[in-house]
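The values are calculated or read from the model by the stated rules, or taken from the named source; none is laboratory data. A quick note: this is a predicted structure, and the numbers were derived from the prediction, not measured. Here the Cβ is made from the backbone with ideal geometry for all residues, glycine too, and neighbour counts use every protein chain on show. Keep in mind that these areas ignore ligands, DNA and RNA; they rest on the heavy atoms of the full protein, side chains included. Shrake-Rupley method; radii C 1.70, N 1.55, O 1.52, S 1.80 Å.
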Amino acid sequence: MGGGTATISPFKDQTHSLAKKILPWTIYALLPIALFRLYFYPLQLPQSSTDQLPSTTPVTISSSSSLSLPPTQFYSSEEEGKTNETPCDYTRGRWVHDRRGPLYNGTTCGTIKDGQNCISHGRPDLDYLYWRWKPKQCKLPRFEPNTFLELIRNKHIAFVGDSMARNQLESLLCMLATASAPNLVYRDSEENKFRRWNFPSHNATVSVYWSPFLVKGIEKSHGGPNFNKLYLDRVDEKWASDLDRIDMVVLSIGHWFLHPAVYLEGDLVLGCHYCPGLNHTEIGFYEVLRKGLRTSLKTIIERRGSTGNGIDVIVTTFSPAHFEGDWDKAGACPKKKPYKEGEKLLEGMDAEMRKIEVEEVEAAKENALQFSGFRLESLDVTKLSLMRPDGHPGPYMYPFPFANGVTERVQNDCVHWCLPGPIDTWNEILLQVMKKWEGELRRGG
């Protein structure tokens, strides 16, 4: 009653005491969950401008109703049929360990060029086989050989370009062979510069055309001039003459433009690159690459457009080399693991070559709008390839190079890729581009 001493409820006191005891344990329980969430789903912080890739074309993977995405983005969905998909830029990401390893190996695939068969040639470290490319915002699906074969049923896909085109082709053949064995139906000579395979299970044809410039070129030879001669206004008919029999063409050039060469348009000499002793103006090879690719894409569009039949065109962007010393000494490309994100920036020649190729694909898309049935895309693999210095044959371009000890001189290949190896990722992304195209076709896009 009034004037009496206030009393505290025993129940309230017990509740307060219980709360004091539970609160710390609640914090301890939630802390690991929060750390787990941050580790696997880190906050997206703004990137340094030095690691931004120049603008490229929108690439969408899986299905999407939008065709106006930010540069180099695709859509990916981990659930079949999911409609609310997340935009994903596959050029930005990191290499993560994958204990599953590749679909094939050096003994199960019979179409690997000897120089890239690193396992059979005795490369002792095999960790390079157990990495997968993980884009920042989505999952890049593992290659599905049956899906790829179904997409090229009754079609002809041609890889045209230099030895990187061949490297990518042989990777694809090995991956497809895990589902269906290909038959070699044509080869030009022992050099294997022009070959064709057929997959009877799907009546699908896959071929390779050697054309290191795409335009008409006379390659240097031991008995002739020590430079190449390029006609930048004329396409190489060794592949272009077959355009009416090709449904999809994958172009890959770059490294041969670094060699000494004389450049012409018509009968007019424009200049040369590294041609001491010749009375020609020294010009850089960047614009020469641009002219050559522009001529090639223009020819494809005009020839197929004039017949009313479109074609699918992929341009695989420049693949960086990883020489760290003399090419003929041990340790030329010694790295055993991928670069971490931010450890190696895309810059200099690698960035410029890629930029030119992407820009020319974008310009060709505009040119192709006057015709129907054309689908063009950049397969932008430069950055993800730059981060794999461990994926080259190095000295294992030859069998067991150190069987008799380390010699003073040993040739190294730090340009091409071991098979299996990082180049398999190129074809994983290629498949996603094809699936995106197929989805648009079914939707009438």
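Provide a single number: the residues in the range 216-258 that are open to solvent by less than 10 Å² (accessible area, probe 1.4 Å), over 22 Å from Leu376 (Cβ atoms) and either hydrophobic (A, V, I, L, M, F, W, C) or within 26 Å of the chain's Cα centre (by Cα) (or both). Of the residues in that region, 1 qualify.
Has the range 376-386 got any residue that is small (Gly, Ala, Ser) and either free of Cβ contacts under 8 Å to residues at least 60 places away in the same chain or not in a strand (DSSP E or B) (or both)?
Just the residues of the range 376-386 that are small (Gly, Ala, Ser), to begin with: 378, 385.
Right, trim to either free of Cβ contacts under 8 Å to residues at least 60 places away in the same chain or not in a strand (DSSP E or B) (or both) and you get 385.
Among the residues of the range 376-386, at least one is small (Gly, Ala, Ser) and either free of Cβ contacts under 8 Å to residues at least 60 places away in the same chain or not in a strand (DSSP E or B) (or both), which makes the answer yes.
Within the range 197-251, the only residue that satisfies the criterion of being at positive phi and touching a Gly at 6+ places or on another chain (Cβ under 7 Å) is Leu214. Summed over the range 390-437, residues that are under 24 Å from Lys340 (Cα atoms), part of a loop (DSSP other than H, G, I, E, B) and of a type in the set (A, V, I, L, M) total 3. Within the range 338-351, track down each residue that is in a loop (DSSP other than H, G, I, E, B) and under 15 Å from Leu384 (Cβ atoms). Within the range 338-351, Pro338, Tyr339, Lys340, Glu341, Gly342, Glu343, Lys344, Leu345, Leu346 qualify. If you go through the range 280-301 and keep only what is in contact with a helix residue (DSSP H, G or I) (Cβ under 9 Å, 6 or more places away or on another chain) and not hydroxyl-bearing (Ser, Thr, Tyr), you end up with Phe285, Glu287, Val288, Leu289, Arg290, Gly292, Leu293, Arg294, Leu297, Lys298, Ile300, Ile301. Restricting the range 262-309 to residues that are farther than 21 Å from Ile218 by Cβ and within 24 Å of the chain's Cα centre (by Cα), the residue that is most open to solvent (accessible area, probe 1.4 Å) is Lys298.
Residues in the range 198-207 that are touching a strand residue (DSSP E or B) at 6+ places or on another chain (Cβ under 6 Å) and open to solvent by 10 Å² or more (accessible area, probe 1.4 Å) were compared, and the one that is farthest from Met248 (Cα to Cα) is Asn198. Out of all the residues in the range 315-338, which are open to solvent by 30 Å² or more (accessible area, probe 1.4 Å), in contact with a Pro (Cβ under 7 Å, 6 or more places away or on another chain) and closer than 27 Å to Tyr286 by Cα? Within the range 315-338, just Glu324 meets the criteria. Pairing residues of the range 364-375 that are at positive phi with residues that are aliphatic (A, V, I, L, M) and outside any helix (DSSP H, G or I), at Cβ distances under 8 Å and at least 6 apart in sequence or on separate chains, gives Gly373/Ile311. Considering only the range 427-445, I want to know if a residue exists there that is touching a helix residue (DSSP H, G or I) at 6+ places or on another chain (Cβ under 9 Å), among the acidic types (Asp, Glu) and buried (at least 23 other Cβ atoms within 10 Å of the Cβ). Scanning the range 427-445 turns up no residue that is touching a helix residue (DSSP H, G or I) at 6+ places or on another chain (Cβ under 9 Å), among the acidic types (Asp, Glu) and buried (at least 23 other Cβ atoms within 10 Å of the Cβ). Under the condition of being in contact with a Cys (Cβ under 7 Å, 6 or more places away or on another chain) and either without any contact (Cβ under 8 Å) to a residue 40 or more places away in the chain or among the hydrophobic types (A, V, I, L, M, F, W, C) (or both), the residues counted in the range 402-443 number 3.
Here Ser211 meets each of (1) farther than 22 Å from Lys298 by Cβ; (2) surrounded by 21 or more Cβ atoms within 10 Å (Cβ to Cβ) with one exception, condition (1).
Can you pull out the strands (runs of 3 or more DSSP E) entirely within the range 108-194 that have at least 2 residues that are crowded, with 17+ Cβ neighbours inside 10 Å?
131-135, 156-161
Of note, Asp312 satisfies the criterion of being modelled with pLDDT of 95 or more, charged (D, E, K, R), within 22 Å of Glu438 (Cα to Cα) and open to solvent by less than 50 Å² (accessible area, probe 1.4 Å). When the range 90-127 is limited to residues that are over 19 Å from the mean Cα position of the chain (by Cα) and of a type in the set (A, V, I, L, M), the one that is farthest from Ala403 (Cα to Cα) turns out to be Leu126. Against the condition in contact with a strand residue (DSSP E or B) (Cβ under 9 Å, 6 or more places away or on another chain) and touching a residue at least 24 places away in the same chain (Cβ under 8 Å), how does Thr316 come out, does it pass? Yes.
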